[in-house]
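Data block below; observations after.
The values are calculated or read from the model by the stated rules, or taken from the named source; none is laboratory data. Values in this document were obtained by computation on a predicted structure and should not be read as measured data. Positions of Cβ are generated from backbone atoms using ideal geometry, with glycine treated the same way; all protein chains shown enter the neighbour counts.
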Amino acid sequence: MTWVGILGMLLSLAVFPFAFVRRTGGRVAIFMLAALVHIGTAAVYYLWVKAGNTADTILYYYDPFKMMGTGLRPGTLFALYMVQTLKESIGGTYLDFFLLFQAFGFWGIAFMMRTVEEIYAELDTVQPRLTYLVFFLPGVHFWTSAIGKDAPLFFAVSLAIWAAMRLKTRIPAFAFALFVMVLFRPHIALMASVSMALAAFFDPRASGWVKITLLVLAFGGMAVFAGTVQTSFAVDVTSADSISEFISRNNEVSKKMGGGSAVIGASYPVKLLSLLFRPLFLDAQGPFGLIASFENLFILFMIGTMVKRFRDSLQLTRQVFFIRFALVFSIIITLTLALVYYNVGLGLRQKMMIMPGLLVFFAALWGVRQVKNQSNLALSYA
């Protein structure tokens, strides 16, 4: 490790001023523990790859296919150009770049922490311990700690959800989140714009002019991002035939790359459930598979709680704009990823784009439940 790796660790801690609404000893301790876990996880990921496991990090750092110079486009090529340009400019070992990119992921975790804290401040109730657990889910740390697109995307999605909470004053933050999405996965920026448009349209309390303004901005962004998606993936998102052809091409590639955990040819519901909940103990392979199974069990618990408390979920979605945006955004990403899902490893990695919205919605729902329980308890003593 060189000074570049040290810089990456310092960049993680640079989010400290933005991570809290009210800085307390307990919150600072949780922040520091999460930072240590994330940096440690980056080292584990590095050792895992060095042990011979296949990962995209090799593509970005070593450029084995000599893709540098083939033309800069958003997505994989942008990430590769970014790594190669930094490598040529400031140097840095393979481990150093893991430590650099994990800073993106930790900034995402920090903004998720702040969002949940703001939720409980709005509810005027104590944040329960269960909600702190979501900041330490193994997959959230593992998949956002490596060189590649996943850490920046996780940060961008977390930032967009935080910005949507106070959109009038946080439009620059939301715009920056969209900018990061465009650089690394432009179709996610398109989904964010669609989600914002839908959240604005179904807002029962917003005036007509507010709805129109938000819709114009959202659809303007959609038009820009649709063009970027077409340039990056050769797919016209306004054409059903073009989208169908893209999915077919992706499935052909999937058949060649699926591996032992593939679900090629499975029905869409099976792919959707596999994306969300596999592995789940019975199909777990090795210690990492068992860890992922426990995490998926918690995800099952969260989604089960949302379904069980359907009325509260519906009320939250109707009344709170940013919750509606987070839920719609997560649903659109989930449904889209399920279309191109082909194996467990890919699903675990890409699922991290769903997690910020899912975790924030769950935290808000748990907070509403806590407030209601406190109200019922107060009434019983009255």
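The residues in the range 266-308 that are of a type outside the set (A, V, I, L, M, F, W, C), surrounded by 17 or more Cβ atoms within 10 Å (Cβ to Cβ) and either part of a helix (DSSP H, G or I) or modelled with pLDDT of 90 or more (or both) can be counted, and the count is 6.
State whether the residues of the range 41-54 include one that is of a type in the set (D, E, K, R), surrounded by fewer than 17 Cβ atoms within 10 Å (Cβ to Cβ) and more than 23 Å from VAL140 (Cα to Cα).
To start, the set of residues in the range 41-54 that are of a type in the set (D, E, K, R) comprises 50.
Filter once more, so that each one left must be surrounded by fewer than 17 Cβ atoms within 10 Å (Cβ to Cβ): 50.
Then drop every residue that is not more than 23 Å from VAL140 (Cα to Cα), which leaves none.
For the range 41-54, residues of a type in the set (D, E, K, R), surrounded by fewer than 17 Cβ atoms within 10 Å (Cβ to Cβ) and more than 23 Å from VAL140 (Cα to Cα): absent.
Among the numbered conditions (1) assigned to a helix (DSSP H, G or I); (2) touching a Phe, Trp or Tyr at 6+ places or on another chain (Cβ under 9 Å); (3) closer than 21 Å to TRP366 by Cβ; (4) not hydroxyl-bearing (Ser, Thr, Tyr), the only one that GLU122 does not meet is (2). For the range 321-364, the candidate set comprises residues that are over 19 Å from LEU190 (Cβ atoms) and among the β-branched types (Val, Ile, Thr); within that set, the residue that is surrounded by the most Cβ atoms within 10 Å (Cβ to Cβ) is VAL360.
Results for (1) closer than 22 Å to ARG27 by Cβ; (2) of a type in the set (Val, Ile, Thr); (3) surrounded by fewer than 22 Cβ atoms within 10 Å (Cβ to Cβ), shown as yes or no for each residue.
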| site | (1), (2), (3) |
| --- | --- |
| GLY75 | no, no, yes |
| THR85 | no, yes, yes |
| LEU100 | no, no, no |
| LEU137 | yes, no, yes |
| LEU159 | yes, no, no |
| LYS168 | no, no, yes |
